[in-house]
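A short write-up of the structure that comes next.
The values are calculated or read from the model by the stated rules, or taken from the named source; none is laboratory data. What you see is a predicted model; the values in this text were computed from it and never measured. With ideal geometry, Cβ positions are generated from the backbone for all residues, glycine too; neighbour counts draw on all protein chains shown. Heavy atoms of the whole protein, side chains included, go into the accessibility calculation; ligands, DNA and RNA do not. Shrake-Rupley method; radii C 1.70, N 1.55, O 1.52, S 1.80 Å.
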Amino acid sequence: MSWPADDSMAHRALLYTDEPEFRTAVGAFIHEGLERREQILAAVPAGQLAWLRGELGGDVPAVEFADAASFYRRQGQATRATLDWLRRHASDGQRVRVVAEQASSRRTPAEAADYLRMEAAANVVYQPFPVSVLCPYDVSVLPGDLRPGVEQTHPELLRGDRVVPSPAFADPRIFIRNFSAVAPPPLTSASIGFGRREDLAAVRRFLRTQLARAGFGDEAAALLVAAAAEVVTNALMHGTAPRRLWVYTEGPMLVCHVRDDGPGFADPLAAYLAPDRHATHGHGLWLGRQACDCLEAATDGTGTHVRLLTRLPEPGAPEGLPTQSEALP
Amino acid sequence: MTSALATGSRIPTRKDRLINGDNRASGERFGRPPGDVSALVSGQHLCALYQNQDERRRLTAAVIRGALAAGDRVIYVTPGPSDVALALLEAGGIETGRPVRGGQLLVHSFGEIYGDLASTDLAQLVATFQAALSQSLAAGFPGLRITGEMGGSSWPAGSLEGLVRWERMVSQMLGEVGIAAICQYDQRQLDEPATTVIAAEHSGVATSGQRLPLALFIASTPPPALQVEGELDLTNGPVLARVIRARLAASPQLRVDLGAVAFADVGSLREIYQIAVGLPAGSRITLANVTEPVRRVLDLAGFRADAVVIES
């Protein structure tokens with residue numbers, strides 16, 4: 001097995017069945033990186049973290065460990081944290097490595113779908129960096145319906161010590177477009193229409209009322225209001241009438257759902273890319289992406305729909321959001 | 001009295017026009033269109049008609065609040081003493097302390113501004129307000145507006161002709177200098193034909209607007225610091241940018257106090273960062289007292305600029 005030594009990006013999935021297989025494959029990946037003096041970020045679940053420490057005989061300075069439970073608490077924040085790490089370590093053309101594995105047990109179907117779209121987007125988001133990304137998947141817990149998606153979003157697969165191209169790999173933009181379906185809002189859910197800039201203040205009041213009713217504390221509600229307001233503002237500036245915002249629950253998630261009659265985003269990756277430093281737009285969706293647990297954007301005959309999904313607060317849980325220091329290794 | 005006229009969709013009749021000069025079909029009063037004092041544009045010349053002290057207080061407060069919501073300097077010309085004028089504004093819900101200290105709200109008598117009314121000509125009037133506008137810009141305000149109490153001893157009864165000549169001159173001056181003015185009239189001192197004649201010299205009749213502005217932009221000391229109060233979104237983000245540019249023109253180091261901003265959208269914060277990115281070396285914007293919700297939006301949106309300092 002060998003990983004690129006030039007400035008290209010590599011993104012490979014490892015479908016493993018047990019600890020020895022994980023330790024052999026991921027261990028080889030890390031050892032090769034250490035030999036080449038590459039910085040390594042490993043964001044994996046606690047169990048796998050322990051395996052890796054065992055494989056390496058403890059902590060190694062060139063390897064940063066992050067517990068997947070906090071690193072991936074919000075998908076968008078994990079992307080942001082990874083991008084920040086890449087900017088710090090790989091911006092001078094210095095090759096780096098990332099091991100990324102999420103615990104898949106707690107995912108709702110919406111989160112799983114969003115996760116796969118992010119994996120597809122990763123092929124574009126990390127493209128500018130000379131980075132080798134290895135995504136291990138524990139097939140004993142991987143839901144069967146996720147497996148085709150893993151093969152569609154990773155251009156290469158690790159099989160033992162061989163690298164094989166993934167025959168199912170799809171262009172990220174096409175994958176995202178095909179993997180985004182409109183979910184109509186429940187008929188009885190609370191909603192508010194909007195059509196003018198002057199309506200924005202009323203939309204925010206509506207959101208605050210609904211979020212308080214759903215049990216969100218002030219701090220969490222303020223962030224969600226900010227995120228949903230950006231989607232509403234986008235619909236106002238780029239979409240067409242009629243426009244409406246719904247708020248409802250879906251399983252363990254609260255949904256802020258914005259619809260307009262426009263054709264939607266020209267680039268399916270719009271909701272997945274970090275805006276660059278001087279960008280004049282794109283910050284709103286990027287904020288929504290990080291403020292919520294998942295974001296869906298889809299267009300069909302009923303219009304363009306953007307949904308922000310956030311886990312409902314658990315009763316009795318102290319108010320608090322993951323801070324940047326929690327998300328960053 | 002008016003409910004039957006204000007509702008329904010029947011075709012208005014000539015009689016509708018007779019109620020206090022209102023044409024309820026078109027919103028015109030005394031033949032002039034309505035002008036919202038909170039959405040003034042430069043060159044606009046409105047007349048504000050009040051029937052009692054309560055209306056006067058409400059209109060005057062709306063004019064001053066409109067200026068604060070635009071970040072403009074406002075000169076309040078009043079025949080009475082300035083403490084009485086300020087008390088009127090306070091009673092109308094305006095906190096006058098900071099705008100007065102920051103030079104944003106100036107209270108003057110007629111004489112202080114215009115000198116001898118009878119001998120003032122257009123050239124003098126233009127020169128006076130060009131100077132006032134220059135001073136406002138130099139002090140870091142993006143614009144200047146004037147509101148004046150037109151009653152009192154300066155305008156003795158029977159001088160309608162003089163008043164019309166004056167208002168016509170003011171209209172010309174406003175257009176030339178590029179500022180806005182609202183002239184306040186006690187309607188009880190005017191009969192309807194006189195009101196119509198005076199209204200005709202204005203571009204519209206002032207309405208105070210139903211909603212409070214979303215945010216106020218208050219000049220604070222030491223000038224040209226800026227305090228923002230309220231919420232920032234698509235409706236007033238461009239105003240924020242205009243005010244910050246004007247303040248920066250007066251001083252390259254600007255402190256913007258966001259302590260009373262409960263909500264700011266990404267677009268309004270991006271305005272600040274885009275201005276900062278274009279600043280010359282040595283120029284800087286400091287954001288002070290940033291509230292937690294605004295801090296999180298700044299952080300998550302990923303704005304970074306060397307010329308913006310976030311004071312902790």
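General observations
- Note on the range B:210-235: among residues that are among the polar types (S, T, N, Q) and more than 14 Å from chain A (Cβ to nearest Cβ), the one that is nearest to B:R73 (Cα to Cα) is B:S220.
- Sub-6 Å Cβ pairs linking a first residue in the range A:257-276 that is touching a residue at least 60 places away in the same chain (Cβ under 8 Å) to a second residue that is among the aromatic types (F, W, Y) and open to solvent by 30 Å² or more (accessible area, probe 1.4 Å), at least 6 apart or interchain, are A:H257/A:W246, ordered by first then second residue.
- Only listed residue being surrounded by fewer than 17 Cβ atoms within 10 Å (Cβ to Cβ) and either more than 14 Å from chain B (Cβ to nearest Cβ) or assigned to a helix (DSSP H, G or I) (or both), chosen from A:R88, A:R80, A:R117: A:R88
- Residue check for A:A103: touching a helix residue (DSSP H, G or I) at 6+ places or on another chain (Cβ under 6 Å), among the small types (G, A, S) and open to solvent by less than 20 Å² (accessible area, probe 1.4 Å): no
- Inside the range B:266-285, residues that are open to solvent by 60 Å² or more (accessible area, probe 1.4 Å) and more than 11 Å from chain A (Cβ to nearest Cβ) make up a count of 3.
- Qualifying residue in the range B:109-124 (condition: small (G, A, S), under 21 Å from B:A70 (Cβ atoms) and either assigned to a helix (DSSP H, G or I) or out of contact with any Leu (no Cβ under 9 Å at 6 or more places or on another chain) (or both)): no
- Total residues in the range A:184-224 satisfying the condition of being in a loop (DSSP other than H, G, I, E, B) and either open to solvent by less than 30 Å² (accessible area, probe 1.4 Å) or within 14 Å of chain B (Cβ to nearest Cβ) (or both): the figure is 6.
Here is a yes/no grid of residues against (1) touching a residue at least 24 places away in the same chain (Cβ under 8 Å); (2) crowded, with 18+ Cβ neighbours inside 10 Å; (3) assigned by TED's automatic domain parsing to the domain that holds B:V266:
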{"residue": "B:L163", "(1), (2), (3)": "yes, yes, no"}
{"residue": "B:G175", "(1), (2), (3)": "yes, no, no"}
{"residue": "B:A181", "(1), (2), (3)": "yes, yes, no"}
{"residue": "B:Q189", "(1), (2), (3)": "yes, no, no"}
{"residue": "B:T196", "(1), (2), (3)": "yes, no, no"}
{"residue": "B:E201", "(1), (2), (3)": "yes, yes, no"}
{"residue": "B:P224", "(1), (2), (3)": "yes, yes, yes"}
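- Filter pass, B:A288 being more than 14 Å from chain A (Cβ to nearest Cβ) and either acidic (D, E) or open to solvent by 20 Å² or more (accessible area, probe 1.4 Å) (or both): no
- Test: residue in the range A:48-65 that is open to solvent by less than 30 Å² (accessible area, probe 1.4 Å), under 20 Å from A:G149 (Cβ atoms) and touching a residue at least 60 places away in the same chain (Cβ under 8 Å): no
- Hey, B:P238 within 11 Å of chain A (Cβ to nearest Cβ), under 30 Å from B:P33 (Cα atoms) and in contact with a Lys or Arg (Cβ under 9 Å, 6 or more places away or on another chain) or not: no
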